[in-house]
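Student: Mind looking over this structure? Questions follow.
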Amino acid sequence: MTTVAFIGLGNMGGPMAANLAKAGFNVRAFDLSAQALETAKSQGCEIAATASEAATDADFVISMLPAGKHVRGLYVDGDAPLFEVIKPSALVIDCSTIDADTARQVAAAGAEKGIGFVDAPVSGGVGGAQAGTLTFIVGGSEAQFAQAQPVLQAMGKNIFHAGDHGAGQVAKVCNNMLLSILMAGTCEAINMGVKNGLDPAVLSEIMKQSSGGNWALNVYNPYPGVMENAPASKGYQGGFQVDLMIKDLGLAMDVSQQSASPVPMGSAARSLFTLHKAGGNGKLDFSSLLKLYQDKSE
Ligand code: NAD
């Protein structure tokens, strides 16, 4: 049986590990949180006492951690770096959204020990993680991309090979920067229409069927009550937090800086979301940006 070590069982990693167990993989799970471990156990995962215990002899090691420093610490320069215990035929799949430089450096450190590594950030949110319909955006060699397929297919629907190491992370932040711009523009347009007497649902339908149509209008309308299942209709709870969008926009700004790519729209979107966070909205879904545009009650 194929053994998968899964490190990081948070909002995303928890359901991803559960889907692997459901698909018949032997999943050895580890997280710093005892509660996350309990949940993983109830969903068919074997619990490990340490990340090293989970990774020893595993065929795949998957990580789903907050940021680059956690990924580097886990594999390369923490107290018990996993590259010391992972077997050379295994493949490391890091699904965290982190900076492309760290992804490339960790891949190089693995290669020195003969261990394969791919960056495989995801799109699709917690709902996609639970439903097993995530999009994976993979950076690595052709052979590593092929090797990753069986486990990625158990957790996702669309699996793309973006290019060499780090390319998955660059593609991911390009997408999320565009998403932030589309959401900001959608909030701006709907707010202006409503202030001029339009019904938000009618205006949204008009724009959806016209040249302003976009993903935010199609599946994630930011105006409360327009779309029953969107976070906007649930008090902006659940979904994709403003804090995470700001993190991804910070990563996009790093890529822009390093490559001297002009990103005036991305910079503006980052400023808008940061201003919104400063208003105490960091934990709300990112479509709550609409509130930044709305008149405050006197
Ligand atoms: P989360 O905070 O819910 O989960 C992170 C988990 O990692 C926590 O359970 C934490 O205890 C654990 N952890 C941290 N350091 C660890 C270590 N050294 N060893 C073991 N466990 C450790 O975060 P999340 O929402 O699951 O996001 C994870 C990653 O996925 C992030 O990089 C995020 O940007 C990305 N992402 C999130 C979403 C989303 O909608 N939540 C969507 C796409 C991508």
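Student: Only helices (runs of 4 or more DSSP H) wholly contained in segment 214-297 count here; list those with 3 or more residues that are within 16 Å of the ligand (Cβ to nearest atom).
Tutor: The qualifying helices (runs of 4 or more DSSP H) are 215-219, 242-259.
Student: Could you tell me which of the residues ALA67, ALA51, ALA109 is surrounded by fewer than 22 Cβ atoms within 10 Å (Cβ to Cβ), small (Gly, Ala, Ser) and within 15 Å of the ligand (Cβ to nearest atom)?
Tutor: After ruling out the rest, the residue left standing is ALA67.
Student: Can you name every one of the helices (runs of 4 or more DSSP H) wholly within segment 119-200 that holds 1 or more residues which are farther than 20 Å from LYS22 by Cα?
Tutor: 142-153, 167-195
Student: Hey, among LEU178, LEU203, which residue is among the aliphatic types (A, V, I, L, M), surrounded by fewer than 24 Cβ atoms within 10 Å (Cβ to Cβ) and touching a helix residue (DSSP H, G or I) at 6+ places or on another chain (Cβ under 7 Å)?
Tutor: LEU203
Student: May I pose another question? From (1) within 30 Å of GLY168 (Cα to Cα); (2) buried (at least 16 other Cβ atoms within 10 Å of the Cβ), pick out the condition that doesn't hold for GLN257.
Tutor: (2)
Student: Also, I was wondering about something else. So, of the residues in segment 1-14 that are more than 9 Å from the ligand (Cβ to nearest atom) and not aromatic (Phe, Trp, Tyr), which turns out to be farthest from the chain's Cα centre (by Cα)?
Tutor: The extreme case among them is MET1.
Student: What number goes with the only condition from (1) modelled with pLDDT of 95 or more; (2) on the phi > 0 side of the Ramachandran plot; (3) not hydrophobic (A, V, I, L, M, F, W, C) that GLY110 does not pass?
Tutor: The failed condition is (2).
Student: Any residue that is touching a strand residue (DSSP E or B) at 6+ places or on another chain (Cβ under 6 Å) and within 26 Å of GLN294 (Cβ to Cβ) - is there at least one of those in segment 227-235?
Tutor: Yes, the conditions are met somewhere in segment 227-235.
Student: Another question about this same structure. Consider only pairs whose beta carbons are under 7 Å apart and that are at least six residues apart or on different chains; among these, list those whose first residue lies in segment 140-163 and is more than 19 Å from ALA100 (Cβ to Cβ) and whose second residue is of a type in the set (Gly, Ala, Ser) and not in a loop (DSSP other than H, G, I, E, B).
Tutor: GLN147/GLY116
Student: Go through (1) surrounded by 18 or more Cβ atoms within 10 Å (Cβ to Cβ); (2) more than 11 Å from the ligand (Cβ to nearest atom) and name the single condition ALA36 misses.
Tutor: Among (1) surrounded by 18 or more Cβ atoms within 10 Å (Cβ to Cβ); (2) more than 11 Å from the ligand (Cβ to nearest atom), ALA36 violates only (2).
Student: Just to verify a result, which residue in segment 39-48, among those that are within 23 Å of the chain's Cα centre (by Cα) and surrounded by fewer than 24 Cβ atoms within 10 Å (Cβ to Cβ), is farthest from the ligand (Cβ to nearest atom)?
Tutor: Among those residues, the one meeting the criterion is GLN43.
Matching residues to (1) buried (at least 20 other Cβ atoms within 10 Å of the Cβ); (2) touching a helix residue (DSSP H, G or I) at 6+ places or on another chain (Cβ under 9 Å):
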{"site": "MET227", "(1), (2)": "no, yes"}
{"site": "ALA230", "(1), (2)": "yes, yes"}
{"site": "SER233", "(1), (2)": "no, no"}
{"site": "GLY250", "(1), (2)": "no, yes"}
{"site": "PRO262", "(1), (2)": "no, yes"}
{"site": "ALA268", "(1), (2)": "no, yes"}
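Student: Cβ-Cβ under 9 Å, sequence separation 6+ or interchain: first residue in segment 12-36 and under 21 Å from GLY124 (Cβ atoms) and free of Cβ contacts under 8 Å to residues at least 60 places away in the same chain, partner of a type in the set (Lys, Arg) and surrounded by fewer than 24 Cβ atoms within 10 Å (Cβ to Cβ). Which pairs?
Tutor: Going by the 9 Å Cβ cut-off, the qualifying pairs are ALA29/LYS41.
Student: Does at least one position in segment 81-99 carry a residue that is among the hydroxyl-bearing types (Ser, Thr, Tyr), under 21 Å from THR3 (Cα atoms) and within 16 Å of the ligand (Cβ to nearest atom)?
Tutor: yes
Student: Right, something else. Would you point out which residue out of GLY156, GLY139, GLY193 is in contact with a helix residue (DSSP H, G or I) (Cβ under 6 Å, 6 or more places away or on another chain), within 24 Å of GLY13 (Cβ to Cβ) and surrounded by 15 or more Cβ atoms within 10 Å (Cβ to Cβ)?
Tutor: Just a single option satisfies the conditions, and that option is GLY139.
The values are calculated or read from the model by the stated rules, or taken from the named source; none is laboratory data. All values reported here derive from a predicted model rather than from experimental measurement. Note: ideal-geometry Cβ built from the backbone for every residue, glycine included; neighbour counts use all protein chains shown.
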